[in-house]
Amino acid sequence: MLVYQRDRSPAVEIGPFKLGDGNFVIMAGPCAIESKLQVDLTAQTLGELHIPVFRAGAFKPRTSPYEFRGLGEEGLKILADVRKNTGMSIVTEVMDSQDVELVSRYADILQIGSRNMQNYRLLEAVGETQHPVVLKRGLAATVEEWLYAAEYIMAKGNEKVILCERGIRTFEKYTRNTLDLGAVVAVKELSNLPVIVDPSHGSGKSSMVAPLARAAMAAGADGLLIEVHIDPEKALCDGKQSLTPVQMKELMKELNALSKAMGKEIVNNN
Ligand code: PEP
Ligand code: MN
């Protein structure tokens with residue numbers, strides 16, 4: 001039985017604004033923190049677009065252990081500088097319950113990755129903080145399993161859970177994952193949790209990100225998580241699905257037009 005999801009308020013406070021309040025919150029940034037220069041240049045371009053939340057991973061859960069796995073605490077410090085210099089809020093992944101205290105010191109929002117959606121110790125550990133948590137759907141998780149994972153966090157006293165649909169494994173090979181926008185509608189029917197959509201991991205292809213982002217807004221999502229890289233071809237992680245700053249600017253124009261038609265307000269960082 002889903003216990004917590006009926007009573008909680010749907011809005012999650014993130015610094016100066018709320019997510020899940022009928023408005024639309026965009027989180028964007030590179031898959032991984034590669035260097036201070038890369039992050040600062042990206043943050044500058046996203047700042048010019050008034051994006052309120054900057055994303056980037058310091059601890060990267062890579063399928064192969066031989067790939068770039070992130071800069072760790074050094075990366076977190078780079079993110080803290082972004083917050084100081086731009087006023088953007090920071091979302092970054094925490095992979096292990098032992099790192100929750102460390103990541104919480106630097107981040108405004110904790111991200112639980114798809115591969116960890118059913119890591120119950122980790123869910124409880126973030127549940128013991130009062131940081132908002134972006135809970136990504138597991139790559140093979142049903143909607144029910146996803147909502148129960150959210151319950152693990154809330155049962156510990158932290159009700160600031162933001163669901164994130166990021167695509168699931170299906171028989172389809174053209175895309176990296178199959179973005180399940182039906183699940184956005186389903187979790188809205190079953191719970192009062194806010195839900196954002198990640199069309200970057202949901203497709204694995206930069207050419208599909210903007211159309212799926214628009215579809216997510218139209219389907220009633222509360223926001224987006226989008227990967228943006230200053231030079232996708234040189235990215236150490238997920239370059240193929242990353243938008244360039246110019247593409248992100250174009251997408252923002254499209255989303256602004258759509259949001260007007262839908263009567264939704266896109267949250268701006270100042
Ligand atoms: C990410 O956001 O970069 C990431 C690793 O996402 P997921 O856990 O959805 O694969
Ligand atoms: Mn990624």
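The values are calculated or read from the model by the stated rules, or taken from the named source; none is laboratory data. Note that the coordinates shown come from a computational prediction; the quantities given were computed from them, not determined experimentally. Every residue, glycine among them, receives a Cβ derived from its backbone with ideal geometry; neighbour counts consider all protein chains shown. Only protein heavy atoms, including side chains, enter the accessible area calculation; ligands, DNA and RNA are left aside. Shrake-Rupley method; radii C 1.70, N 1.55, O 1.52, S 1.80 Å.
Of all residues in the range 185-203, those that are within 17 Å of L139 (Cβ to Cβ) have Cβ atoms under 8 Å from Cβ atoms of residues that are assigned to a helix (DSSP H, G or I) and within 11 Å of ligand 1 (Cβ to nearest atom), 6 or more apart or on another chain, in S200/Q241; H201/S114; H201/Q241; S203/Q241. Considering R69, R83, the condition of being in contact with a Lys or Arg (Cβ under 9 Å, 6 or more places away or on another chain) and farther than 18 Å from L224 by Cβ is satisfied by R69 alone.
Of all residues in the range 73-90, which are assigned to a loop (DSSP other than H, G, I, E, B) and open to solvent by 10 Å² or more (accessible area, probe 1.4 Å)?
Pass one, the range 73-90, residues assigned to a loop (DSSP other than H, G, I, E, B): 87-88.
G87, the sole residue that qualifies.
If only residues of the range 222-256 that are surrounded by fewer than 24 Cβ atoms within 10 Å (Cβ to Cβ) and of a type in the set (G, A, S) are counted, the one that is farthest from the chain's Cα centre (by Cα) is A235. Identify, please: which residue in the range 116-159 is among the basic types (K, R) and more than 14 Å from the chain's Cα centre (by Cα) and is, among those, surrounded by the fewest Cβ atoms within 10 Å (Cβ to Cβ)? Applying the filter and picking the extreme gives R121.
Answer with yes or no whether S259 is within 16 Å of ligand 1 (Cβ to nearest atom), of a type in the set (G, A, S) and either modelled with pLDDT under 95 or open to solvent by less than 10 Å² (accessible area, probe 1.4 Å) (or both). Judged against the criteria, S259 is not a match. Residues in the range 35-63 that are among the charged types (D, E, K, R) and away from ligand 2 (no atom under 12 Å from the Cβ): K36, D40, E48.
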